[in-house]
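First up is the structure itself, then whatever we jot down about it.
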Amino acid sequence: QSVKVAVAANLQPVMRTIKTDFKSSTGVNIDIISGPSGNLAAQIRNGAPFDVFLSADTDFPLSLQHDGFGLTPVKIYAQGVLIICSKQRLDLSKWQQLVLTAGIKKIAIANPAIAPYGRATKQALNQMNMYDKLKTKLVFGESISQVNTYVITGTVQAGFTTLSLIKDASNKTPLYYSVISPKSYTPIEQGMLLLKHARGNASAEKFYRYILSSSARKIFKQFGYHI
Amino acid sequence: MDFSPIWLTLQLAAVTTVLLLILGLPLAFWLSKKRSFFKIITEAIITMPLVLPPSVLGFYLLLAFSPQHGPGRWLQQVFNVQFVFSFQGLVLASVIYSLPFMVSPIKSAFQQLPVSLTQASYTLGKTTWQTFWHVLLPNIKPSLLTAAVLTFAHTLGEFGVVLMIGGNIPGVTRVASIAVYDSVEQMDYAAANNYSFVLFAITFILVTGVFVYNRYQVKSPLE
Amino acid sequence: MDFSPIWLTLQLAAVTTVLLLILGLPLAFWLSKKRSFFKIITEAIITMPLVLPPSVLGFYLLLAFSPQHGPGRWLQQVFNVQFVFSFQGLVLASVIYSLPFMVSPIKSAFQQLPVSLTQASYTLGKTTWQTFWHVLLPNIKPSLLTAAVLTFAHTLGEFGVVLMIGGNIPGVTRVASIAVYDSVEQMDYAAANNYSFVLFAITFILVTGVFVYNRYQVKSPLE
Amino acid sequence: MIAVDIEKKLKAYSGQQVLKIKKEFGTGVTGITGPSGAGKTTLLKMIAGLIVPDTGSISFNNVSWFNSSLKINLSPQQRHIGFVFQDYALFPNMTVRQHLEYASTDAGWINRLLKLGGLEDFATHKPDYLSGGQQQRLAILRALAIKPKLLLMDEPFSALDSKTKAGLITHLQKLFTELGATALIVSHNPKEIDGISTDSLEIK
Amino acid sequence: MIAVDIEKKLKAYSGQQVLKIKKEFGTGVTGITGPSGAGKTTLLKMIAGLIVPDTGSISFNNVSWFNSSLKINLSPQQRHIGFVFQDYALFPNMTVRQHLEYASTDAGWINRLLKLGGLEDFATHKPDYLSGGQQQRLAILRALAIKPKLLLMDEPFSALDSKTKAGLITHLQKLFTELGATALIVSHNPKEIDGISTDSLEIK
Ligand SMILES: Nc1ncnc2c1ncn2[C@@H]1O[C@H](COP(=O)(O)OP(=O)(O)OP(=O)(O)O)[C@@H](O)[C@H]1O
Ligand SMILES: Nc1ncnc2c1ncn2[C@@H]1O[C@H](COP(=O)(O)OP(=O)(O)OP(=O)(O)O)[C@@H](O)[C@H]1O
Ligand code: MOO
Ligand SMILES: [Mg+2]
Ligand SMILES: [Mg+2]
């Protein structure tokens, strides 16, 4: 029996390792469906046959759970780190000044309405009184994944994304980045929910427990998440 | 490389095209004949799905077929069929979505045929249906082929509706267009390239084949 | 309610349709004439963008027009134009994407016209171009209209490419299809409904208008 | 025996012209003449059920085909008529033989017709590859293929040279007698059917 | 004066048939006759440049139009010919007057032609709304509209009644003289042009 796991886009780099590790320890194959957390939540409401939901925040899984889509309470499995990142050799330690210069034409952020990382970015920029100043430069990716795509193809000079992108060994493109001050945004606590669809699916439960296990935690840490 | 998205896409496009041929031909014929106000409205309605963005269509299909409420719930409870996040759902959406691509070119072609062909066939005692089948249809072959190719192609390229009601489920609704999108998102550009290339190759062969076949259909008597 | 996505969509569709009429008509005419192997290949290539999923096209456009390298950098440096995240980029993508929708039905219609019309015009001393303009084109009006409507519509419904290279920038690339998608994913069904309804209304009027106009074009002499 | 008593407004001239016909046509051949634009084609099409008269009645062997007051109007199919169109109206997609096979399943009859029209050598040609006279003969053969009791022929010999025409007419006369058919032949050259026509109608 | 010396294989019969023509046509009217399928239409189309002969040459007033050994082949446009098609080839989108206006800008000439063809009352009609004879007359007028020095007419009177035809032919004769034109008229009924033809050619 396979397990369908809906994962927030920021987890894409880490999920490859998780999938292999879970398969080697249990022999169970998981299908990964990734997207902005908000999209996945909407799809679950509309009947998508997912077993486990790994969100990028706690709000989406909580509301699903509240409306009876969950089998378990929402568990926080990791805490995300927001970075600004570029393919160009830029000194991003002073990114706040840098992004205002003319050399930076476009900056990608994830759509705040459906991607928690985008929400956090917006919050941080607002806190620094920068959001309005940058408004004309912003382009909105559907999710963190799309922000990553824009960064790596060089269509934007900078993008706000997740630290796991940097820690992804399979990514061969050299990237330059700087961590955004954690004080400027509410911590990105990422929550998990075992869904109604998984009822009777032992493998799904196994996967749910595995994510909270130490071996999974180790992997999350490797990819820059706080536990 | 995982070939299931491509296989799925081809299946979807083929099933849709066949269904639409069965459905679209008589419809196009009916619409091509003298117009009534009722027909104009019908035609406008048929054309709607084409004019609406796939996301709008997807939205309404989602509302209609979500098992949370309405017809979707009823279907789920009574027949245990679910149209969202399932292959049959994609087929239904594609049929609605591509209908005008089948109907419009065929209808125009029928309108451009001389009336006397129909009249001649009628005097031979042939029914409307026989006339349609043996006289009118064979004389609009190029347009028919165009319509079928457009329909097939439009379905191959379907993305928005699938993204909305399909949900990217491997082997069920992850068609090629979604797989490419997904690969790009995962920064797996090699996979994106592979999918693109295979689609390219398949369709290039298909399209060239059709055109080469069609070459012999183009009339150029004596010269 | 924010009307800018709808306005933007209509602009995009209109600009694309006009450009494609200018580009597609001569192309369709050229293709409709006696076939060479070169033409078949050309036609297959023109048909490609239609058969490719929008996500594939979007991906390649993204790669090609990234200002970091290749043609994108050159355009940026020499002309200071950027094709990603800009309206002109969407126009370019739409033109490529909708080209076959303009060309195919028109080409088929040309092929179905009797050769003797062209011959008669030639003996009157008319050039190929005059013949095209005064004799052939007016006699395929229904197909021409169909092609234009299909093109306009297909552009209205464009979603995948825009999602890929648009960047969802309000007033610049946030077209209606994206706005609906966005609203649905935010579970703001009221906004999704509004956008959908306005699009529905506009296009229903448009389409019905075209059909009512076309009604007078359908020949039914004496009866 | 076909009885016609109809009226039809022709949208022809800037002014208007009314076509009024009252006549009974017996078995045998009736020649119909009249100047160009008089309404000869229109008359045949009304008898065939392809154009609806404004008022009046048409009946064939006492079966009512059309009656405006009784609201009777049989379809062209029900009237079982052989019609030779002035512009032939051949099917571009069918070969000569297929035209006849579309109308009839009787292979012997088809071969006989092909021979009668001198088109045996062209059985596999499509209309685009036929000369004008060959096309016209095909149009005649197709109309005969259904062995109609009533034949409506609109300028059926206009593209034929006198020798071909003379031969064909002789054959047709035999065929009409054999079928016991009534034939109405529109012709601008009444002499050509003088030998076979038993009656005539001049329009206007 | 037009000199023709050409050969063309006709893909006609199951076997093959070669059309061989060697003839000089002087100013005035030449009647061309021959059985149906002989190649009359093919000949006219080759002279007009619509079909390419296999070998040979065509020249008009000592200008070479076609020469297979010298690889000369003028386009139909360059030959400036008035052509009446056997199947008319009218433009469905144009009214009677528009047909003539498409060919000529001389309003006086157009009106004269309309009168000559008896189509003044139908100037605003499209071909679908014309009778067979009216269509044929329009085809003739259109060919005349460009005031050609060479007229190729393929069965131009086949749909006309004898009265209309006689009147038209008288007018045409005057016009030909006026234009100093050479006319080749294909006709299966040679008698109809007896009065005006000065030469004749029989094919096969
Ligand atoms: N489809 C039509 N719609 C309207 N008027 C028509 C149509 N066809 C013919 N007419 C007009 O009706 C009149 C009669 O036409 P009809 O074709 O019956 O003439 P006809 O006697 O057959 O002439 P011809 O010998 O030239 O073929 C003509 O003046 C013609 O212009
Ligand atoms: N487009 C074509 N392709 C091939 N063969 C053709 C084509 N048109 C005519 N033919 C054949 O060539 C031969 C000569 O045809 P053509 O049209 O020149 O005859 P025609 O003398 O004009 O006869 P008609 O008096 O019947 O019009 C015929 O046998 C015919 O079948
Ligand atoms: O990982 Mo997200 O849901 O795109 O912020
Ligand atoms: Mg007539
Ligand atoms: Mg001929």
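The values are calculated or read from the model by the stated rules, or taken from the named source; none is laboratory data. Computed from a predicted structure; not experimentally measured. Every residue, glycine as well, gets a Cβ built from its backbone with ideal geometry; the counts of neighbours run over all protein chains shown. Side chains are part of the model used for accessible areas, which takes the heavy atoms of the whole protein and leaves out ligands, DNA and RNA. Shrake-Rupley method; radii C 1.70, N 1.55, O 1.52, S 1.80 Å.
Remarks
- Check on E:Asp54, out of contact with any helix residue (DSSP H, G or I) (no Cβ under 8 Å at 6 or more places or on another chain), closer than 26 Å to C:Asn139 by Cβ and within 13 Å of another protein chain (Cβ to nearest Cβ): no
- All of A:Thr161, A:Thr153 fail the test of being within 14 Å of chain C (Cβ to nearest Cβ) and not aromatic (Phe, Trp, Tyr), apart from A:Thr153.
- Residue within segment A:93-109 that is buried (at least 21 other Cβ atoms within 10 Å of the Cβ), of a type outside the set (Phe, Trp, Tyr) and closer than 16 Å to A:Leu165 by Cα present: yes
- Among the residues of segment A:117-141, those identified as within 15 Å of ligand 3 (Cβ to nearest atom), at pLDDT 90 or above and open to solvent by 10 Å² or more (accessible area, probe 1.4 Å) are A:Arg119, A:Lys122, A:Gln123.
- Which numbered condition E:Thr33 misses (of (1) of a type in the set (S, T, N, Q); (2) closer than 16 Å to E:Ala143 by Cβ; (3) within 14 Å of chain D (Cβ to nearest Cβ)): (2)
- Look at segment D:166-180: where a residue is over 11 Å from D:Gly28 (Cα atoms), no partner that is among the aromatic types (Phe, Trp, Tyr) and assigned to a helix (DSSP H, G or I) sits 6+ places away or on another chain with Cβ atoms under 7 Å.
- Test: residue in segment D:131-146 that is under 22 Å from D:Gln78 (Cβ atoms), outside any helix (DSSP H, G or I) and within 16 Å of ligand 4 (Cβ to nearest atom): no
- Restricting segment E:27-62 to residues that are out of contact with any Asp or Glu (no Cβ under 7 Å at 6 or more places or on another chain) and among the polar types (S, T, N, Q) leaves a set whose member that is nearest to ligand 2 (Cβ to nearest atom) is E:Thr42.
- Just one residue in the set A:Leu64, A:Leu90, A:Leu100 is under 15 Å from A:Asn39 (Cβ atoms) and either out of contact with any Gly (no Cβ under 8 Å at 6 or more places or on another chain) or in a helix (DSSP H, G or I) (or both); that residue is A:Leu64.
- Taking the listed residues E:Ala145, E:Ala166, the one that is among the small types (Gly, Ala, Ser) and modelled with pLDDT of 90 or more is E:Ala145, with no other qualifying.
- Within segment D:102-115, the set of residues being more than 8 Å from chain B (Cβ to nearest Cβ) and either among the hydrophobic types (A, V, I, L, M, F, W, C) or under 19 Å from the mean Cα position of the chain (by Cα) (or both) comprises D:Ser104, D:Ala107, D:Trp109, D:Ile110, D:Leu113, D:Leu114.
- Members of segment E:145-191 found to be away from ligand 1 (no atom under 16 Å from the Cβ), within 11 Å of another protein chain (Cβ to nearest Cβ) and open to solvent by less than 10 Å² (accessible area, probe 1.4 Å), listed by number: E:Ala145, E:Pro148, E:Leu150, E:Leu151, E:Leu152, E:Asp154, E:Val186, E:Ser187
- For C:Leu124, the conditions (1) in contact (Cβ under 8 Å) with a residue 12 or more places away in the chain; (2) surrounded by 22 or more Cβ atoms within 10 Å (Cβ to Cβ) are fulfilled apart from (1).
- Scanning segment A:1-23 for residues that are open to solvent by less than 10 Å² (accessible area, probe 1.4 Å) and either within 16 Å of ligand 2 (Cβ to nearest atom) or away from chain B (no Cβ under 13 Å) (or both) yields A:Ile18, A:Phe22.
- Single residue of segment A:25-41 satisfying the filter (small (Gly, Ala, Ser) and touching a residue at least 12 places away in the same chain (Cβ under 8 Å)) that is farthest from the other protein chains (Cβ to nearest Cβ): A:Ser25
- Single residue of segment C:174-209 satisfying the filter (surrounded by fewer than 24 Cβ atoms within 10 Å (Cβ to Cβ) and in contact (Cβ under 8 Å) with a residue 60 or more places away in the chain) that is farthest from A:Ile44 (Cα to Cα): C:Ile202
- Residue, farthest from ligand 3 (Cβ to nearest atom), within segment A:175-193, restricted to residues that are of a type outside the set (A, V, I, L, M) and part of a loop (DSSP other than H, G, I, E, B): A:Ser181
- Number of residues in segment A:53-68 that are open to solvent by less than 10 Å² (accessible area, probe 1.4 Å) and either within 16 Å of ligand 2 (Cβ to nearest atom) or out of contact with any Lys or Arg (no Cβ under 8 Å at 6 or more places or on another chain) (or both): the value is 5.
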